[in-house]
1. Filter segment 160-190 down to the residues that are more than 16 Å from the chain's Cα centre (by Cα) and crowded, with 24+ Cβ neighbours inside 10 Å and list them by number.
2. Run down 263, 257 and say which single residue is more than 27 Å from residue 146 (Cβ to Cβ) and buried (at least 16 other Cβ atoms within 10 Å of the Cβ).
3. When the residues of segment 243-252 are narrowed to those that are within 14 Å of residue 288 (Cβ to Cβ) and over 15 Å from the mean Cα position of the chain (by Cα), which ends up surrounded by the most Cβ atoms within 10 Å (Cβ to Cβ)?
4. In this structure, is residue 30 farther than 22 Å from residue 206 by Cα, surrounded by 19 or more Cβ atoms within 10 Å (Cβ to Cβ) and in contact with a helix residue (DSSP H, G or I) (Cβ under 8 Å, 6 or more places away or on another chain)?
5. Would you mind telling me which numbered condition in (1) within 15 Å of the ligand (Cβ to nearest atom); (2) over 20 Å from residue 13 (Cα atoms); (3) in contact with a helix residue (DSSP H, G or I) (Cβ under 9 Å, 6 or more places away or on another chain) residue 242 fails?
6. Which of the residues that make up segment 37-52 are away from the ligand (no atom under 16 Å from the Cβ) and either more than 26 Å from residue 261 (Cα to Cα) or assigned to a helix (DSSP H, G or I) (or both)?
7. Being assigned to a loop (DSSP other than H, G, I, E, B), within 14 Å of the ligand (Cβ to nearest atom) and either in contact with a helix residue (DSSP H, G or I) (Cβ under 8 Å, 6 or more places away or on another chain) or within 23 Å of residue 167 (Cα to Cα) (or both) is the filter here, so list the residues in segment 195-212 that pass it.
Ligand code: MG
C-alpha cells in the first residue's frame, strides 16, 4: 500500500557535492542550502565533518552549518565519522548528525578502515554522546544491495547492521544501494528482511541511478509502505566505483514520480528546479535530472 506522504531527504549538499570534482566555496554552499530550503524539503544534509584530505569538497562544513538560515520544521543533519567529528559538529551548532556503517566487511575496511564490528563500537559511543548533547542521530547502512569489492551482500547482514544502529538509538536508518546495482525485486526483498527487525516507518531508502534502476526501486519499496526517500537535486554526485556513471537519484525525478502517484512530498517543483539550476551553474556541469531537462526545454502543446 502506498503511503500518503513521502518525506524526501535532500542529500545534494553533502553526498552530492562530495562526489563532484569541483569543490565549492562556503558561500556557494550556503546559498545552495538556502535555495533548497525554499523547495519544501523537510531534511537537508548540510555537510560532513570527515577528513579534509579525504573529502576536500566538504572543507568548511562547520562554517556552512553556522551560516545557514534554518527553517522551522526542517532538519539539517551533518555526517560525522567519529568523536572528533561530533565535537566539531557540536561546536558549529549541529542539532542532528548522521553516522554510517557498511553491510559489507570489505567495504567497511576500504571506506572506514576498520571492520564492521569496530565501526559499530565507535558509533555506539558517538551516538551516546550525541544524545547526551540533545543531538538526534540518523544511521546509514551502505552496500545494502551489493558491494564494489565483494559483490553480493546478504540481506540478513544488512538487517543485522541496521538493527544495531537502530538499537543504539538512531531515529531512522537509511539503506543505501551505494553502487546502484539493485533491481526492484531485490530492493523489496532486502526491505522486507530489514523491516522484520525494525519498524518500516523508521526506514529510509537511498538509491543510486548507476544502472538506471533508482526510480523503479523507489516505486517498488513505496508499495511496501516506505515513507522516506533520500535524493539529490540535479542527481548530484557520481559513483566513485564507476567513473562517469550516474550517482544519486535526482530529487526532481523522485518528486515527479511521487506527485504522479498522487502522493504528497511538500516539494515545490519550480523552486526545486531553481536550486538545481543554481548548483549546476556553480559546478559547471549539466543537470542529470530527466525532469529538469524536460522542464527547461519544454514547448507549449500545439
Ligand atoms: Mg548517495
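1. 161, 165, 182, 187, 190
2. The unique qualifying residue is 263.
3. Applying the filter and picking the extreme gives 245.
4. Considered against the rule, which asks whether it is farther than 22 Å from residue 206 by Cα, surrounded by 19 or more Cβ atoms within 10 Å (Cβ to Cβ) and in contact with a helix residue (DSSP H, G or I) (Cβ under 8 Å, 6 or more places away or on another chain), residue 30 comes out as yes.
5. All conditions pass for residue 242, except number (3).
6. Listed by number, the residues that qualify are 37, 49, 51, 52.
7. 209
A quick yes/no check of all residues on (1) at pLDDT 95 or above; (2) farther than 11 Å from residue 275 by Cβ; (3) within 16 Å of the ligand (Cβ to nearest atom); (4) under 18 Å from the mean Cα position of the chain (by Cα):
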{"position": "6", "(1), (2), (3), (4)": "yes, yes, no, yes"}
{"position": "10", "(1), (2), (3), (4)": "yes, no, yes, yes"}
{"position": "13", "(1), (2), (3), (4)": "yes, no, yes, yes"}
{"position": "19", "(1), (2), (3), (4)": "no, yes, yes, yes"}
{"position": "26", "(1), (2), (3), (4)": "yes, yes, no, no"}
{"position": "29", "(1), (2), (3), (4)": "yes, yes, no, yes"}
{"position": "32", "(1), (2), (3), (4)": "yes, no, no, yes"}
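The values are calculated or read from the model by the stated rules, or taken from the named source; none is laboratory data. Please read these numbers as outputs of a predicted model, since none were measured by experiment. A quick note on method: Cβ atoms are made from the backbone with ideal geometry, for glycine too, and the neighbour counts reach across all protein chains shown.
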